[in-house]
Amino acid sequence: MAAFQSPKGTRDFYPDQMALRRHVENIWRKASVDCGFDEIEGPTFEHLSLFTAKSGPGIVSELFSFRRAGGSDDYALRPEFTPTLARMAAARAGTLSVPTKWFAIPLHFRAERPQRGRLREFVQWNVDLLGSEGAAADCDVIACAALALERLGLQPTDVRFRLAHRGASAAVLTAAGVAGEHIGEAFELLDRRDKLSPEEFQTRAVKLGLDAAAQKRFAAIAGTKLPVSASMNDVAASLGVDADVLAPLAELSEKLNSLGLSDWCQWDFGIVRGLAYYTGTVFEVHECAGKERAIAGGGRYDGLVELFGGPKMPAIGFGMGDVVLGLVLADKGLLPKDGGLLLPRPDVFLISDGSDAAEKALPKLVMQIRRAGLHARHSWKATKNVGKLLSDAGKCRARSALILGAEMADGAVAIKDLDGGGQRVVPLGEVVTTLLAMTTANTSNPSKEI
RNA sequence: GCGGUCGUAGCUCAGUAGGUAGAGCAUCGGGUUGUGAUCCUGAGGGUCGCGGGUUCAAAUCCCGUCGAUCGCCCCA
């Protein structure tokens, strides 16, 4: 066994796993671009203070932080992308178009104990829309997430966006008897209700000044889940508030309906999101049966850019990690068991019969074909057994095999279509054009992309 | 940071009172028949996660440690 292991909570990506990772990343990237977001990237590590500025000193124990030998500055590997995004936005705030739509697919690092769905190094897709308030902006990023999930093969029966709105939830809690100064604690209680014992829940509820009736109401609110297409009057009625208190939800509902996203979404008044900085819409994406951790989470954080030294700039965004998503996709059979099936297919695999003429011609031909922009591989084996070599061509899923054999005497080679099975003899001078023609005829195959 | 389970070749596993490691697949090579194959044949690869202890002797028992996994804490 190896003397060295990969560090705790990290992964090695061999070609098969890397192909799976790229498959997901490519879909994320394409969905982002199609939705009008521009890709950005920042440093893998930042000044430690950037992270403590947002999350407080307590965050340090969750970070991989370090100081250069002999240096005096403290750094940390980024545990999330939002501070970097906010820093970048603040620095260019004066020149950014409105709205500014950015996405990133960075690696993140967190010094936590690994668990199912949670590692110390992971990829997280971040999508953010800056400079625009309102439901249209909120729904724009939600739509982008939904588009990617749909392209990954998921359906509204597989995953669900659980949405809430901090303002609306606060109004509902107030109506339920929570005093204004206790709203923060009430959110915390709402968020943690499933983890607490009934006794603990009650103790905390009493601290919020809730009597028995109000506690019951509170619990009912926490468990309220409704379709976003439900009428606001019905939603208001089931929560015991006036419909005008739910105005933010009404706007969201209208936009989601018009975007055809209602099936993907539901109201869930138990969704709070732990982050103190969220100011409006908040949401999480979960597997419908409640398996796994949240696939994605996000919301509106209008004070964030200001927190990092910029102007007041409304913002909505979300993050989606590769770990939980990968588990869900695997559960649903939406990833090939053999990641090798996602590796790029060679357009041609060259085989030599071992004769001098073939051995000499092969490398030249390979280079010619590659210069033409095609993916060419060739056997490195010593054997001249055409059957064994063709089997190699099949293993790497080549589209065609080019056999340099007896036909060389006539200045020609055999090209076998490994998908269709046909074979023809082609003069050396026409090899590249023939292969190009075969490839363009095959552009429908998705594995050809990127 | 705290508890439960687990750790033998690249993969799936066997290894049966403790007696100094095995199979299938995969990989690599040779041979035969010009075509993804069959057949024949050979090889490499593990100090049994690592370290210590008990013993004449440990993959097997004990302790520690590292890693994986499940739960708690946390969850940006």
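So the values come out like this:
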| read-out | value |
| --- | --- |
| Those residues of segment A:56-68 which are over 23 Å from the mean Cα position of the chain (by Cα) and within 8 Å of RNA strand B (Cβ to nearest atom), in sequence order | A:Ile59 |
| Wholly within segment A:119-213, helices (runs of 4 or more DSSP H) carrying at least 1 residues that are touching a residue at least 40 places away in the same chain (Cβ under 8 Å), over 22 Å from the mean Cα position of the chain (by Cα) and within 30 Å of A:His108 (Cβ to Cβ) | A:135-151, A:166-175, A:183-192 |
| The one condition in (1) within 24 Å of A:Ala186 (Cα to Cα); (2) of a type in the set (Val, Ile, Thr); (3) more than 9 Å from RNA strand B (Cβ to nearest atom) that A:Ile295 fails to fulfil | (1) |
| Where a residue in segment A:330-342 is closer than 19 Å to A:Leu149 by Cα and its partner, wherever it lies, is acidic (Asp, Glu) and part of a loop (DSSP other than H, G, I, E, B), with Cβ under 7 Å and at least six apart | A:Lys332/A:Asp158 |
| Checklist (1) among the small types (Gly, Ala, Ser); (2) surrounded by fewer than 23 Cβ atoms within 10 Å (Cβ to Cβ); (3) closer than 23 Å to A:Leu173 by Cα applied to A:Gly298, failing item | (2) |
| Which numbered condition A:Gly373 fails, given (1) in a loop (DSSP other than H, G, I, E, B); (2) out of contact with any Phe, Trp or Tyr (no Cβ under 9 Å at 6 or more places or on another chain); (3) within 9 Å of RNA strand B (Cβ to nearest atom); (4) more than 15 Å from A:Ser355 (Cα to Cα) | (3) |
| Count of segment A:405-419 residues which are within 7 Å of RNA strand B (Cβ to nearest atom) and assigned to a loop (DSSP other than H, G, I, E, B) | 3 |
| Of all residues making up segment A:354-368, the number that are under 23 Å from A:Asn385 (Cβ atoms) and part of a helix (DSSP H, G or I) | 10 |
| Failed condition for A:Met367, given (1) under 44 Å from the mean Cα position of the chain (by Cα); (2) within 14 Å of A:Leu428 (Cα to Cα); (3) more than 10 Å from RNA strand B (Cβ to nearest atom); (4) touching a residue at least 24 places away in the same chain (Cβ under 8 Å) | (4) |
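All of the numbers you see were taken from the coordinates with simple rules; none came from a lab. No experiment lies behind these values; they were computed from the predicted model shown. When we count neighbours, we look across all protein chains shown, and the Cβ atoms used for this are built from the backbone with ideal geometry, even at glycine.
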